[in-house]
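Peer 1: One structure coming up, written as structure tokens, with questions to follow.
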Amino acid sequence: MNVEKFPHLFEPIQIRGQYFKNRMFAAPQGYYLMPSDSHPNADMIAYWEAKARGGFASICVGDADVHTASGSKGADVPKLDDPSSKSFLAALAAACYRHGCVPTIELNHGGMYSYGNLAKGKPIYGPSAGVYEIGRGRKVEIQEMPEDMILEIIDAFGKAALFAKNLGFGMVNLHAGHGWLVHQFFSERLNHRTDKWGGSFENRARFALEVVDSIRKYVGPDFPIEARISAAERVLAPDGSDGYGIDEGIRFAKLLDGRVDLIHCSAGTHEVTDSVTISHPTMFAEDQLNSKYAAAIKPEVKSFVATVGSFSDPQNMENFIAEGKADVIEMARQSLADPDLPTKARTGRADEVNQCIRCMQCYRTGTQLGLHYCSINPRTSRERTVLMAPAPKKKEKVLVAGGGIAGMEAALVAAQRGHEVILCEKSDKLGGVLLCEDKVPFKRHLKEYIERQQMLLGRAGVEIRMNTEVTPEFAKSLQPDCIIAAFGSVPVKPKIEGIDGENVIGVIDAYEHPEKLGDKIVVIGGGMAGTEFAIYMAGLGKKAVVVEMKDDYTLDNCLQGRAIKIQIRELGIETHLSTSVCKITDKGIVAKTDDKEFEIEADSIVYATGQKPLIEECNKLAFCADEFFVVGDSLRPFNIMHATHTAFAAAYDIATI
């Protein structure tokens, strides 16, 4: 049996009498496209049910307010002190339980980061008074939380837990990390009180312990409690401070031991900008970045221990549990990339698991748009739309022109929908423009994704024709019912004197042939392509200088952009913002800023100044089939998510009208 490959990962576990069918839990996540009444809607329920249907033993609805009057994160999170939300939350819990998945909900209070209260002009309370920078650089006056409010909130945590239990949730998760109120009381960095709620280690931990005791009092002895902690604070503050370390995290875990049933070991503090790259490890971090904290805590406690952070390979999960380093693996972004991971691993299809590439688009879309979209899984946050999509009225012959990211996704989905698919690529490789990055260490998961798509195309029965250019004549000769044009884009060469010099190269060619570059490189363009290339060059031991016309890097992705800036700082990459390139010489460039010209010496000049869509080439195929779609960079050069999502939609629309 296939399941025998992962005996530890699929071993059931009982936590305080609650049965969990395997060791894979979907970690807490928010769902922020909620109605103004903060009640879960059908789309939100479908979002969680997809993970339950995919085989996760538990899902955790994140960010639920326990005391809206003093600590709301906003209107877009569930309210556990609002009786009118009862039926909606019960429906969510039932949707998961019917698949054998235990629904969990995260109990939280924003404390000094109560953005919902801040938006309404209400006073903001934290452990200590002071003016703090919160969110995106806002300085806010925080009031010290009085003891009567502390006691009221402790009681509210217990009431919220009982409310969730009565609605069908099988466990509650106390958020005691990532910078929220429980963490704020525990953190010596934020708690400067001199009463029994601050000062010594025991006093700073008092709030957390009394919250746990309150929860236990309300839910009774036979209901499991999970506590999510920052096992190390990892603040990454500009002044060099890093908060408490793992030694204090272990002491905290020991206090929780026996009081809670599952200690969920994360790290970082969510509301300090750079530290988010710890709680949400980026592509620049090692795999399983924070797993060392669970491994350190596991031998010190008797309660079950969960680890979280960049787990995506079932074999790595199996090994981690087998080695006794944790009892449970929790996944957040990976559950977006592939909510079917547990079922695929159990049924011998672990090589088909869509492993997270850590591009951080889900974080960007979640925080900026309210929905966690995924670059490599267009179904995520569209679960109900996909379930309700009409089936094709007939099987069609589909020609996909172009084997890049968009073309591969379109061909794969069209084949999965039952169509006869021919995929043509004029080069000898599938993968498109992003193949140039296959040697970049921090893009290793992108390379794996491209290779996995190639494998899945073969399994889906797609006919692949390499070294085949699709012209109108060729397209007509195949007599397709539908054509999906995915020709992609080409680099934009800036109009700069000397741009055609022998020492000048485009970023795609530079990625493919780093041996052509000298030791000193000027990168023209401070967007994602240019900055990531400079980081790659620094990793190879070369000196890269980034020149950008705007006053900041052109990075659309908030968290990936932050990670890039950290890399630039840590690697000592020289940058020139608000700077234009006047001309290129054989010795480097002449640049201009504030009406002053200066030279930057370089052996090689690399331009990363955008892409131009090949829309004219696509349009030549517009009358070669009855159905015609343009997808990916051919529509608008943007990112992987744009490519896969437009391709997915086109493939789903074939023959449905």
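The values are calculated or read from the model by the stated rules, or taken from the named source; none is laboratory data. What you are looking at is a predicted structure, and each value in this text was computed from that prediction instead of being measured. With ideal geometry, Cβ positions are generated from the backbone for all residues, glycine too; neighbour counts draw on all protein chains shown. Just so you know, the surface numbers come from the protein's heavy atoms only, side chains and all, with ligands and any DNA or RNA stripped out. Shrake-Rupley method; radii C 1.70, N 1.55, O 1.52, S 1.80 Å.
Peer 1: Any aspartates and glutamates with Cα under 16 Å of the LYS139 Cα? List them, leaving off those in the same chain fewer than 8 positions away.
Peer 2: GLU271
Peer 1: HN-Hα J couplings of the range 139-154 from phi, Karplus 6.51/-1.76/1.60, θ = phi - 60°, integer Hz, Gly and Pro as x?
Peer 2: Once rounded to whole Hz, the list reads 9, 10, 7, 9, 9, 5, 6, x, 5, 5, 6, 4, 5, 5, 5, 4.
Peer 1: Here's something else I'd like to know. Under the rule a/c < 1.5 gives rounded, and otherwise a/b versus b/c splits prolate from oblate, where does the range 369-468 land using the Cα gyration tensor?
Peer 2: oblate
Peer 1: Right, next: Report the gain in length on full extension from LYS395 to THR343: 0.36 nm times residue separation, minus Cα-Cα distance, nm rounded to one decimal. Could the numbers behind the result be given before it?
Peer 2: Numbers: separation 52, 0.36 × 52 = 18.72 nm, distance 2.84 nm.
Here the segment from LYS395 to THR343 would lengthen by 15.9 nm.
Peer 1: Can you give the accessible area of TYR113, probe radius 1.4 Å, in Å² rounded to 10?
Peer 2: Ignoring ligands and nucleic acids, TYR113 comes out at about 10 Å².
Peer 1: With +1 on each Lys and Arg Cβ and -1 on each Asp and Glu Cβ, and nothing else charged, work out how big the dipole of the chain is about its Cα centre, in Debye to the nearest 20.
Peer 2: The dipole magnitude comes to about 1380 debye.
Peer 1: Find how many whole Å separate the alpha carbon centroid of the range 72-101 from the alpha carbon centroid of the range 13-43.
Peer 2: When both Cα centres are located, 9 Å separates them.
Peer 1: Amide H to amide H under 5 Å from LYS583: which residues, 5+ apart in sequence or cross-chain, H placed 1.01 Å off N in plane?
Peer 2: Residues meeting the criterion, in which the H sits 1.01 Å from N, are VAL590.
Peer 1: How far, in degrees from 0 to 90, does helix 246-256 lean away from the longest principal axis of the Cα atoms of the chain, to the nearest 10?
Peer 2: Helix 246-256 sits roughly 50 degrees off the main axis of the chain.
Peer 1: Go through the range 370-387 residue by residue and turn each phi into a ³J(HN,Hα) via Karplus (6.51, -1.76, 1.60, θ = phi - 60°); whole Hz please, and just put x for glycine and proline.
Peer 2: Karplus-based 3J(HN,Hα) across the range 370-387 equals x, 10, 7, 7, 10, 4, 10, 9, x, 6, 4, 6, 10, 4, 6, 4, 5, 4 Hz.
Peer 1: Further question: Assuming R0 = 30 Å, can you tell me the calculated FRET efficiency for the pair MET388 and MET1, based on Cβ-Cβ distance, to the nearest 0.05?
Peer 2: 0.30
Peer 1: Another question about this same structure. Tell me, in nm to one decimal, what length is gained between GLU616 and ARG569 on full extension, where the rule is 0.36 nm per residue of separation less the Cα-Cα distance? Provide the component values of the computation, followed by the final result.
Peer 2: Details: separation 47, 0.36 × 47 = 16.92 nm, distance 4.13 nm.
My answer for the length gained is 12.8 nm.
Peer 1: Just in the range 443-516: which trypsin sites (Lys or Arg not before Pro) are loop by DSSP and have at most 13 other Cβ atoms within 10 Å?
Peer 2: Hits after loop and neighbour filter: LYS495.
Peer 1: Using the charge dipole of the chain (Lys, Arg: +1 at Cβ; Asp, Glu: -1 at Cβ; taken about the Cα centre), state which of GLN361, HIS67, GLY610 has its Cα farthest towards the positive end.
Peer 2: Sorting the options by dipole projection puts first HIS67.
Peer 1: Cα axis of helix 640-653 to longest principal axis of the chain: angle in degrees, 0 to 90, nearest 10?
Peer 2: Relative to the chain, helix 640-653 is tipped by roughly 80 degrees.
Peer 1: Now for a different question. For the chain, what does -39500 (n - 2.57) per DSSP helix run (n ≥ 4), summed and divided by total residues, give at 222 nm, in deg cm²/dmol to the nearest 500?
Peer 2: Rounded to the nearest 500, it is -9500 deg cm²/dmol.
Peer 1: Compute the Cα gyration tensor for the chain, then decide on rounded, prolate or oblate, letting a ≥ b ≥ c be the square roots of its eigenvalues: rounded whenever a/c is under 1.5, prolate when a/b is larger than b/c in the other cases, and oblate in all that remain.
Peer 2: Oblate shape, in that a/c is at least 1.5 and b/c is the bigger or equal ratio.
Peer 1: For the range 261-312, give the magnitude of the charge dipole about the Cα centre (Cβ charges: +1 Lys/Arg, -1 Asp/Glu; no others), in debye to the nearest 20.
Peer 2: Taking the Cα centre of the range 261-312 as origin, the dipole is about 200 debye.
Peer 1: Tally up the carbon and sulfur contribution to the accessible surface of the range 257-305 as a whole percent, 1.4 Å probe, everything protein left in place.
Peer 2: 47
Peer 1: Explain nothing, just compute: Karplus ³J(HN,Hα) = 6.51 cos²θ - 1.76 cosθ + 1.60, θ = phi - 60°, for every residue of the range 463-477 in order, whole Hz, x for Gly and Pro.
Peer 2: These are the phi-based 3J(HN,Hα) values: 7, 10, 10, 8, 6, 10, 8, 8, 9, x, 5, 5, 4, 5, 5 Hz.
Peer 1: Among the listed pairs LYS495/LYS550; LYS426/LYS476; LYS565/LYS596, which are separated by more than 21 Å between their Cα atoms?
Peer 2: Exceeds cut-off: LYS565/LYS596.
Peer 1: Moving on to the next point. How much length, in nm to one decimal, is gained on full extension between LYS217 and THR468, taken as 0.36 nm per residue of separation minus their Cα-Cα distance?
Peer 2: The span from LYS217 to THR468 would gain 83.4 nm if fully extended.
Peer 1: Same structure, new question: Give me the angle, in degrees from 0 to 90, between the Cα long axis of helix 444-459 and the longest principal axis of the Cα atoms of the chain, rounded to the nearest 10.
Peer 2: The angle comes out at about 70 degrees.
Peer 1: Among PHE284, PHE320, GLN14, whose Cα lies farthest out toward the positive end of the dipole of the chain, if unit charges sit on the beta carbon of Lys, Arg (+1) and Asp, Glu (-1)?
Peer 2: It is GLN14.
Peer 1: First measure r as the distance between the Cβ atoms of THR593 and GLU502, then evaluate 1/(1 + (r/R0)^6) with R0 = 25 Å and state the FRET efficiency to the nearest 0.05.
Peer 2: So, using R0 = 25 Å, E works out to roughly 0.40.
Peer 1: With each pseudo-label sitting 7 Å past Cα toward Cβ, what's the LYS120-ASP351 distance in nm, one decimal?
Peer 2: Computed distance between label sites LYS120 and ASP351 equals 5.5 nm.
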